[in-house]
Structures are given as structure tokens and as C-alpha cells.
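Report on one structure; see the data block that follows.
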Amino acid sequence: MLSHKTLVSALSATVLAAGLALTAAGPASAASCPSSASPVIPGAKAHWTLRCSGTTLKVYGWVEDTRADGDCAFVHVHAGNGGADSADACGWGTRTNFDMSFPRTNTAEARLQLEN
């Protein structure tokens with residue numbers, strides 16, 4: 001049987017580990033082309049545009065790290081055809097351009113978030 005002190009220590013370690021794994025994220029933006037979004041969260045901002053060309057969806061834009069906190073800004077895109085891609089910017093003031101293509105779809109869900 002575990003002592004109360006051992007149980008409290010184990011629970012504290014679990015809560016701490018879970019807290020370190022959390023990331024800041026903005027709401028996902030599900031859209032079809034043509035559309036665009038410019039999300040901003042504490043520590044990151046981005047802009048992306050969805051355009052269709054024939055049966056191919058193009059998602060292009062930029063992501064920027066806006067805080068010197070050791071985290072990286074990410075844009076994660078999940079396309080309607082099951083494909084996925086991401087772009088990141090690491091380091092305060094860093095901006096990364098991206099251009100992604102997904103065949104046989106005209107929808108995608110994009111999300112801006114911070115990860116360490």
C-alpha cells in the first residue's frame with residue numbers, strides 16, 4: 001500500500017509533467033477555398049490563404065514567433081483528403097513562409113499554436 005506522502009509526490013509529478021506538455025493554441029479554422037485567416041495568439045501570429053486550382057488545394061502564407069520564450073510558433077494544416085503538413089518559426093521575430101499542396105480536396109483545417 002502506498003503511503004500518503006508517496007501518493008501525493010506521484011500525483012504532483014504527474015500534474016507537473018502534464019502541465020509541461022500543454023501548448024497554447026488558437027481555434028482551428030476549417031475552411032474551403034477560397035478563404036483566408038489571420039489568427040493571433042500570445043507568442044505567435046500567422047496568415048494563410050486557401051486557393052483551389054483544378055482538384056488541388058493550395059494553402060500558403062506565413063507564421064511568426066512573436067515572443068522570446070523558447071517556444072516555436074507552428075501552423076498545422078489537416079486537409080480534407082487526410083493529408084497533413086506544418087510550418088514553424090522558432091526564435092523571437094522569426095517569420096517563415098509556407099506553401100502547401102493537397103490533391104483531390106478543397107477543404108482544410110488550419111491551426112496556429114505554440115510548442116516547445
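Backbone amide hydrogens, once placed in the peptide plane, bring THR94 within less than 5 Å of ASP65, excluding anything fewer than 5 places away on its chain. Using the Cβ-Cβ distance between ASN116 and TRP62 with R0 = 35 Å, the FRET efficiency computed as 1/(1 + (r/R0)^6) comes to roughly 0.95. The slack between THR94 and ASP69, meaning 0.36 nm per residue of separation minus the straight C-alpha distance, is 7.7 nm.
We did not get these values from a lab; they are worked out from the coordinates using the rules stated. Not measured: the values here are computed from a predicted model. For neighbour counting, all protein chains shown are included, and Cβ atoms are generated from backbone atoms with ideal geometry for every residue, glycine included.
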